[in-house]
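The values are calculated or read from the model by the stated rules, or taken from the named source; none is laboratory data. The structure displayed is predicted, hence computed values, not measured ones. Note that each Cβ is placed from the backbone with ideal geometry, even for glycine, and that neighbours are counted across all protein chains shown. Calculation scope for accessible area: heavy atoms of the full protein, side chains included, ligands and nucleic acids excluded. Shrake-Rupley method; radii C 1.70, N 1.55, O 1.52, S 1.80 Å.
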Amino acid sequence: MTEKCNIAVIASHAEGRILPETMDLAAFAKRLQNGRPGTVEVLVLGEDIEQIAEEIAIQAGLDVRAVFCSGLAAYSFDAYLALILKTLAGKGFSYICAPQNSQGQEYAPALAALLKAGCISGVNGLFFEGGTVFFQKDVFGGKLKANMDSCAETTVLTVQPGIFRPEGGSPVSPGRVTREEYESVSGKIHPSGIQKAPADAAGIVEAKVIVAAGRGIGNVENMPLVHRLAEIFPKSAVAGTRIVCDRGWLPYSRQVGVTGATVAPALYIACGISGASQHVAGMRGAKFVVSINKDPQAAMFNESDVCVVEDIETFIPLLLEIFRHQQNVNAVPSAPGNEKSGG
Amino acid sequence: MKILVCVKYVPDPDHVVFHASENGRIVIGEMSEFRMNRFDEFAVEEALRIREGKGDVSIDVLTIGPARSRDVLRRAMGMGADSGVHLETPVDGYISPMTKAAWIAGYANGKGYSLILTGAMSEDMMNAQVGPMVAAFLGLPCATQVIQTRLPSVQGSSSGAVLPDVCPDIYVEREIEGGSREMMTIDLPAVLAVQTGINEPRYPSLSNLLRANKQEIEIIAAASPEGEASGETDAMVEMVMPEKNRAGMHLNGSPSEKAEQLIAILREKAFIS
Ligand SMILES: Cc1cc2nc3c(=O)[nH]c(=O)nc-3n(C[C@H](O)[C@H](O)[C@H](O)COP(=O)(O)OP(=O)(O)OC[C@H]3O[C@@H](n4cnc5c(N)ncnc54)[C@H](O)[C@@H]3O)c2cc1C
Ligand SMILES: Nc1ncnc2c1ncn2[C@@H]1O[C@H](COP(=O)(O)O)[C@@H](O)[C@H]1O
């Protein structure tokens with residue numbers, strides 16, 4: 001394919017820090033360009049972005065357009081939309097890439113609508129076939145993937161963080177930083193600050209073993225099963241999915257996922273969890289993952305080292321019973337006839 | 001004050017059957033059960049709560065889809081919404097969020113809605129696009145992942161305050177990474193995409209359901225004569241099974257055998273002694 005492929009990447013930053021998804025986007029854009037002629041450039045928007053722009057140019061080795069806007073201290077829907085339109089509309093970009101985070105998922109679809117562009121969100125795969133590029137995204141909670149195709153002149157993509165990781169090592173030559181300045185954008189949204197999530201009182205970030213409950217637990221009366229399972233491990237904690245916290249079965253401080261905690265325990269036991277990307281994003285760093293789910297097609301099994309297709313209501317009690325039994329047998333000084341075979 | 005809530009009829013993940021069609025593609029089987037998109041239940045509930053807090057609010061619910069999607073309007077009306085609008089499509093199948101948003105914006109335009117609520121995301125297609133797109137088409141401000149709303153209260157009044165008929169703005173908190181919240185005031189009219197956990201959706205009441213069954217639903221043919229669907233810029237080509245990201249060893253045997261194997265693995269890895 002000889003057609004020009006110009007790609008714009010919209011950087012995501014907060015509180016003066018580049019968010020890691022920005023570097024993921026840069027890596028994604030390079031793969032998307034796939035040797036085709038054209039440019040990849042990064043757009044950085046904000047008030048105080050000099051350093052961020054320089055850093056991205058160095059780390060990603062891509063040209064950076066720093067769009068300074070007085071008064072734009074933090075991400076804002078109106079301002080981002082207005083500024084991106086001003087700087088990118090009509091410039092012949094084939095793709096505009098934004099992160100599928102709380103910022104990108106908000107402004108990117110609106111941007112696509114205003115640009116009359118295609119829009120594919122939550123991209124977590126891409127492949128080329130016969131000169132056409134296809135984008136993959138999760139559907140049905142990750143149980144299936146959809147292959148998407150865009151025939152628009154411009155396509156806005158939001159890319160799932162944590163999937164396309166930059167290759168190690170700094171690029172040979174840093175990109176060039178160009179600067180543009182805009183007057184403050186007056187919008188219809190008036191920000192009044194950020195309320196920080198409460199600290200991790202439940203200690204799930206430090207736990208070595210996490211037993212996590214999903215909606216498959218069925219009802220609050222079954223929650224003790226999860227707690228009892230956690231008790232057999234030292235340094236363990238109980239966590240859950242958003243649905244479990246929404247229903248009040250666990251406090252929100254124990255929610256794992258994009259809008260909850262990010263954890264990386266040595267062992268993660270997922271009980272009745274479907275494996276939606278928003279949940280997996282928070283536990284991808286776990287060393288060893290065991291999943292118990294009655295649906296053999298649950299997406300969580302694709303993220304697991306050990307898969308148990310069973311009903312948790314019956315399986316967890318059985319597991320605990322067998323564990324206790326083995327312990328008792330071991331605890332009794334081995335007398336003739338009391339020996340345990342196997343182990 | 002008028003509120004429009006967009007509700008989608010989706011396959012229930014617990015009762016969806018996937019088939020491989022003749023060309024090897026995965027399709028949703030006839031036996032699948034459908035219900036209201038979970039995120040949209042929270043959007044309907046939020047509208048009801050706003051009405052309870054303010055009074056003098058009318059709530060319209062809108063869905064796009066084939067004839068059977070009407071069920072979801074009855075459910076929303078059963079929960080307490082005032083009336084239903086069905087933008088009916090002739091056939092089942094994938095319609096891009098862009099097309100749906102254009103239809104919704106086309107319907108809502110000029111009808112004087114102060115708030116248009118959507119869910120954060122549809123459970124089946126997981127696009128999280130329709131809300132912001134509707135806002136863009138109507139030139140309205142938008143917030144997604146909304147986890148709290150509050151209309152301005154009248155100074156000095158006691159509970160059950162009656163607000164001025166036209167509210168100038170709404171206080172909104174939206175959830176961002178890690179569970180932190182952005183706080184803001186948004187000028188009305190606005191589009192809000194509602195996140196789960198913002199409230200506790202009620203069940204439809206029998207009396208409301210009976211009322212909803214008698215009430216007429218406005219039905220509008222959604223496919224435009226100009227063949228708007230041909231304007232689709234992005235399309236779902238096919239659905240495929242995902243790949244494994246880890247070993248994914250399946251334990252086999254009876255439940256007790258599986259439990260024994262699992263304990264052995266956990267011992268071997270020294271997670272338990
Ligand atoms: C912007 C945004 C942010 C989000 N942030 C988060 C987040 O931070 N964390 C998070 O978790 N989610 C988050 N979500 C929600 C996410 O998309 C999913 O809806 C959620 O993770 C699903 O939770 P679940 O797996 O408990 O429930 P479900 O998806 O309903 O899955 C339940 C599972 O239990 C299984 N099951 C049912 N009964 C049994 C049984 N008896 N025995 C065994 N298995 C059984 C079923 O087969 C199914 O796989 C977010 C969504 C959005 C849109
Ligand atoms: N077919 C539809 N009918 C009505 N509303 C819809 C439809 N599809 C999506 N929506 C609304 O848009 C939200 C986001 O959907 P999506 O962009 O498909 O993830 C949903 O929660 C609904 O509120």
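For the reader, a short list of remarks on this structure follows.
- Across the range A:184-200, the number of residues qualifying as at pLDDT below 95, out of contact with any Ser or Thr (no Cβ under 8 Å at 6 or more places or on another chain) and facing another protein chain (nearest Cβ under 10 Å) comes to 1.
- Which numbered condition B:Glu238 fails, given (1) among the charged types (D, E, K, R); (2) under 24 Å from the mean Cα position of the chain (by Cα); (3) more than 7 Å from chain A (Cβ to nearest Cβ): (3)
- Selected residue [under 15 Å from B:Asn245 (Cβ atoms), away from ligand 2 (no atom under 16 Å from the Cβ) and among the basic types (Lys, Arg)] from A:Lys287, A:Lys294: A:Lys287
- Unmet requirement for A:Val64, which otherwise passes all of (1) at negative phi; (2) out of contact with any Gly (no Cβ under 8 Å at 6 or more places or on another chain); (3) not charged (D, E, K, R): (2)
- Residues in the range A:242-282 that are among the basic types (Lys, Arg) and facing chain B (nearest Cβ under 8 Å): 1 in all.
- Within the set A:Asp78, A:Asp63, the sole residue that is more than 8 Å from every other protein chain (Cβ to nearest Cβ), among the charged types (D, E, K, R) and surrounded by fewer than 24 Cβ atoms within 10 Å (Cβ to Cβ) turns out to be A:Asp63.
- Every residue from the range A:227-277 that is within 16 Å of ligand 2 (Cβ to nearest atom) and among the small types (Gly, Ala, Ser): A:Ala276, A:Ser277
- For the condition away from chain A (no Cβ under 14 Å) and either of a type in the set (D, E, K, R) or crowded, with 17+ Cβ neighbours inside 10 Å (or both), B:Arg174 does not qualify.
- Annotation note: of A:Gln160, A:Gln136, the sole residue that is modelled with pLDDT of 95 or more, within 16 Å of ligand 2 (Cβ to nearest atom), within 24 Å of A:Met23 (Cα to Cα) and open to solvent by 10 Å² or more (accessible area, probe 1.4 Å) is A:Gln160.
- The number of residues in the range A:250-268 that are near ligand 1 (Cβ under 10 Å from one of its atoms) and either crowded, with 23+ Cβ neighbours inside 10 Å or not assigned by TED's automatic domain parsing to the domain that holds A:Met223 (or both) comes to 6.
- Test set (1) in a loop (DSSP other than H, G, I, E, B); (2) within 29 Å of A:Thr87 (Cα to Cα); (3) within 11 Å of another protein chain (Cβ to nearest Cβ); (4) open to solvent by 30 Å² or more (accessible area, probe 1.4 Å) - A:Asp149 fails condition number: (1)
- Criterion: facing another protein chain (nearest Cβ under 7 Å), under 23 Å from A:Gln33 (Cβ atoms) and either of a type outside the set (Asp, Glu) or touching a helix residue (DSSP H, G or I) at 6+ places or on another chain (Cβ under 8 Å) (or both) - qualifying residue of A:Gly142, A:Gly104, A:Gly118, A:Gly131: A:Gly118
- Here A:Ile194, A:Ile189 are screened, and the one residue that is buried (at least 19 other Cβ atoms within 10 Å of the Cβ), touching a residue at least 12 places away in the same chain (Cβ under 8 Å) and either on the phi > 0 side of the Ramachandran plot or outside the structural domain of A:Phe77 (by TED's automatic domain parsing) (or both) is A:Ile189.
- Taken together, the residues in the range A:223-236 that are under 20 Å from B:Ser273 (Cβ atoms), among the aliphatic types (A, V, I, L, M), open to solvent by 10 Å² or more (accessible area, probe 1.4 Å) and away from every other protein chain (no Cβ under 11 Å) amount to 0.
- Counting the residues of the range B:185-197 that are in contact (Cβ under 8 Å) with a residue 24 or more places away in the chain, open to solvent by 10 Å² or more (accessible area, probe 1.4 Å) and at negative phi gives 4.
- Residue match in the range A:32-46 (condition: of a type in the set (D, E, K, R) and open to solvent by 70 Å² or more (accessible area, probe 1.4 Å)): no
- Condition check for A:Glu54: open to solvent by 30 Å² or more (accessible area, probe 1.4 Å), charged (D, E, K, R) and free of Cβ contacts under 8 Å to residues at least 24 places away in the same chain: no
- Evaluated against (1) near ligand 1 (Cβ under 8 Å from one of its atoms); (2) at the interface with chain B (Cβ under 9 Å from one of its Cβ atoms); (3) open to solvent by less than 10 Å² (accessible area, probe 1.4 Å), A:Met300 falls short on exactly one condition, (2).
- In the range A:203-222, the qualifying residues are those that are surrounded by fewer than 24 Cβ atoms within 10 Å (Cβ to Cβ) and within 12 Å of ligand 1 (Cβ to nearest atom), and the one that is farthest from A:Glu321 (Cα to Cα) is A:Arg215.
- Spans of strands (runs of 3 or more DSSP E) in the range B:176-263 with at least 1 residues at pLDDT below 90: B:234-240
- Scanning the range B:116-146 for residues that are more than 9 Å from chain A (Cβ to nearest Cβ) and more than 13 Å from ligand 2 (Cβ to nearest atom) gives B:Leu138, B:Gly139.
- Elements of type helices (runs of 4 or more DSSP H) contained in the range B:24-134, each with 2 or more residues being of a type in the set (Gly, Ala, Ser), at negative phi and open to solvent by 10 Å² or more (accessible area, probe 1.4 Å): B:97-108
- Scanning the range A:115-133 for residues that are among the small types (Gly, Ala, Ser) and open to solvent by 20 Å² or more (accessible area, probe 1.4 Å) gives A:Gly130, A:Gly131.
- Selection status of B:Ala222, under 29 Å from A:Thr259 (Cα atoms), within 16 Å of ligand 2 (Cβ to nearest atom), hydrophobic (A, V, I, L, M, F, W, C) and buried (at least 20 other Cβ atoms within 10 Å of the Cβ): no
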